[in-house]
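Presented below is the structure to which this report refers.
Just so it is clear, none of the values below were taken in a lab; they were calculated from the coordinates. In this text, all values refer to a predicted model and were calculated from it rather than measured experimentally. Reconstructed Cβ throughout: ideal geometry from the backbone, glycine too, with neighbour counts over all protein chains shown.
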Amino acid sequence: MDPARPNERPPMIHVHNHYAMATTFQVRIAGEEATYAAQAARALFDEVDRLENLLSRFRASSDISAIARLAPGETLRIGEDTCACLAIAREMETATEGAFSITAAARQTQPEPPRWTLDAARRTIHCETGALEFDLGAIGKGFALDRMAVELAEWECPAFLLIAGGSSILAGDPPPDLPGWSVGLGDEGSEPRHWLKQGSLSGSGIAVKGRHILDPRTGAPAKLRDRAWAGAPSAAVSDALSTAFMVLPEPDIVRLMTGRAEWQACLQDAGQWRVIGPAPAAIQ
């Protein structure tokens, strides 16, 4: 994903960066006083760090690490944010018929996907079978962006662009006098440009890490296309969709998009982009 180029930034946009979740998070806030914008950005980065402590499988004290230690038949009470993230993950697994799953990596060590149930009311997770080796890499950054947007609402900063690693972007209101935040698909400087407001864009592909994306249904690397891009109102949802689009055949994507005007898919093969679905209102 290619956010706005530096020379496209209009006046009064304050940019702050922070390293977390093995990537760089960037906050762009428009139309606010510089000191206030910096304070808001610091609060957002504190929120990202808090979420990383809950959701990272590389933190021994995290909820995700505790879940991985469950034996079949055991139940664990988890934090509110962890429960919310897992609920979205389960919803997207159902919506994509398993093309997205946080247990995709577990297929490398287990013959069958582990089975689990989530009780959102009690905030508990129950391990039915296998080891719950969750990897939130394909949804956790988007979930963090969504939570950052909630925090920005508390700070009453409506005009913002939030970026995680360049592959996940969530926009609020546009900067003054612009129809949206300028973003592009693919590599830096790529064309065409789009205006994004009140919505999210996420991309998955092989350019950086090779064919690292696994098909959760088979455990095999995704080989259908080079890159997939998704648009949705929520960054967590667009993250999950862009991963699913890497493994779904195009007819299945068309079927998935039917009746969902708020979603959009764009697929790249041999340098050529194909768009599926009408552009959501967030994208111009």
Relative contact order %, the chain, counting alpha carbon pairs below 8 Å whose residues are six or more apart: 19 percent
From the Cα gyration tensor of the chain, with a ≥ b ≥ c the square roots of its eigenvalues, which class applies: rounded if a/c is under 1.5, or else prolate if a/b is larger than b/c, or else oblate? oblate
Expected sort for Ser202, Ser61 with the fewest Cβ neighbours (10 Å cutoff) up front is Ser61, Ser202
So how many Å³ per residue does the convex hull of the Cα atoms of region 48-155 work out to? 105 Å³
Put a dot 7 Å past each Cα toward the Cβ at Arg69 and Asp46; how far apart are the dots in nm? 2.9 nm
Between Arg193 and Asp119, 0.36 nm times their residue separation minus their Cα-Cα distance comes to what? 22.4 nm
Could you compute the FRET efficiency for Glu33 and Trp273, with r as their C-beta to C-beta distance and R0 at 25 Å, rounded to 0.05? 0.05
At q = 0.17, 0.19, 0.31 Å⁻¹, the log10 of I(q)/I(0) for region 121-170 from a Debye sum over equal Cα scatterers comes to -0.69, -0.76, -1.15
Please state the equivalent ellipsoid semi-axes for region 79-207: what are the square roots of 5 times the Cα gyration tensor eigenvalues, largest first, in whole Å? 32, 20, 10
Arg77 versus Ala153: modelled label distance in nm, points set 7 Å from Cα along the beta carbon direction: 2.8 nm
Only counting other Cβ atoms within 10 Å, I'd like Lys141, Lys223 sorted with the fewest neighbours first. Lys223, Lys141
Which residue fluctuates the most in the chain, going by a Gaussian network model with Cα springs under 10 Å, if the choices are Gly142, Gly219, Gly203? Gly219
Of 256-269, 19-32, ordering from highest average Cβ density within 10 Å down gives 19-32, 256-269
